[in-house]
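Here the structure is laid out as structure tokens; the discussion comes afterwards.
Just so it is clear, none of the values below were taken in a lab; they were calculated from the coordinates. All of these numbers come straight from a predicted model, not from anything done at the bench. Note that each Cβ is placed from the backbone with ideal geometry, even for glycine, and that neighbours are counted across all protein chains shown.
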Amino acid sequence: MNGYTLRQSLLLFLTAVIWGVAFVAQSAGMEHLGPFTYNGARSILGGLVLLPCIALLGRLQGKHMPDEKEVAGMQERGEQAAGSDRRQLLTGGLCCGFILFAASNFQQFGIQYTTVGKAGFITAMYILIVPVLGLLLHKKVGLQVWIGVIFGVTGLYLLCMQDSMRLEKGDALVLVCAFIFSLHILVIDHFSQKVDGVKMSCIQFWVCGILSLLCSLLFESPDLNSIVISWLPICYGGIMSCGVAYTLQIIGQKGMNPTVASLILSLESVVSVIAGFLLLGQSMSRRELFGCLMMTMAILFAQLPDRKKA
């Protein structure tokens, strides 16, 4: 591993750590705020944090002097193409924002009734769900993914099923969140090829934040004092989880094998268990820990490259 690859890997690992600890912040934010209020506050803050990031990236890109071919290409695109790009950006941001609104609030409601460790691992099921949903788009799924699905379902059973043969309320809500996050990943994959990813992320945070705050006014009773008291989990969720971590992900994935990058990012689920134990004193039984191990193996199998494609 060369120095550049090591640096990129460390950036992605730091992203996973920030996202893993964010489950603790989300749990702490529920002490004084409703789910919609917390998500609304942190998403709006996340959108604000990304504004200077967009300005900085734009300034850095401005330092690049285009060659003759790039100048000719830009002239050929013209104003009509630029308008199309803006529409694509707005459409992508709105779609991603609405899906993020649904996923993050299902997750936030679920965290009220389960531990942050279980929430982190169940959310990680999206890594398995995405290729399965890809079948609907006529994308082939390798044998290693199906092996991962078997491990994942087994781990989910050990983690969530206790005395009764049913999902607990919080586990079910977070599992729904994992399915919606799978759709979120597929939509991002579609639009990220066409628009600026950081700008689209900023729009999605604003959309998610506005929708969440509207729901908080309808279904909750938010007050300024509660928001002020919860400033720390809101700041962590908005600044670190949304703004910093997303920017680190963009930088860290540059030049990295996407399979390796997604594997490193999936470690957020492991960090969530450790963070729940260290910061909240949430323990897990041997059965649940073994379920976590099975789900970790599922994540590993899901990320293995297909030998045929290789």
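List of remarks:
- Using θ = phi - 60° in the Karplus curve 6.51 cos²θ - 1.76 cosθ + 1.60, the 3J(HN,Hα) couplings for the range 265-277 round to 5, 5, 5, 4, 5, 5, 4, 4, 5, 5, 5, x, 6 Hz; x is entered for Gly and Pro.
- Scalar couplings 3J(HN,Hα) for the range 206-215, obtained by applying the Karplus form with A = 6.51, B = -1.76, C = 1.60 to θ = phi - 60°, are 5, 4, 4, x, 5, 4, 5, 5, 4, 5 Hz; x denotes Gly and Pro.
- Residue-wise HN-Hα couplings along the range 235-243, as the Karplus relation 6.51 cos²θ - 1.76 cosθ + 1.60 with θ = phi - 60° gives them from phi, are 5, 5, x, x, 6, 6, 5, 7, x Hz; Gly and Pro carry x.
- Taking 0.36 nm per residue of sequence separation and removing the Cα-Cα distance, the THR91/TRP231 pair yields an extension gain of 47.2 nm.
- Ranking of TYR236, TYR113 by count of other Cβ atoms within 10 Å, fewest first: TYR113, TYR236
- Rounded FRET efficiency, nearest 0.05, which uses the C-beta distance separating LEU293 from HIS190 and R0 of 41 Å: 0.75
- Likely footprinting exposure, HIS138, HIS32, HIS184, fewest C-beta neighbours within 10 Å first: HIS138, HIS32, HIS184
- R0 of 25 Å, Cβ-Cβ distance GLU31-LEU214: FRET efficiency to nearest 0.05: 0.65
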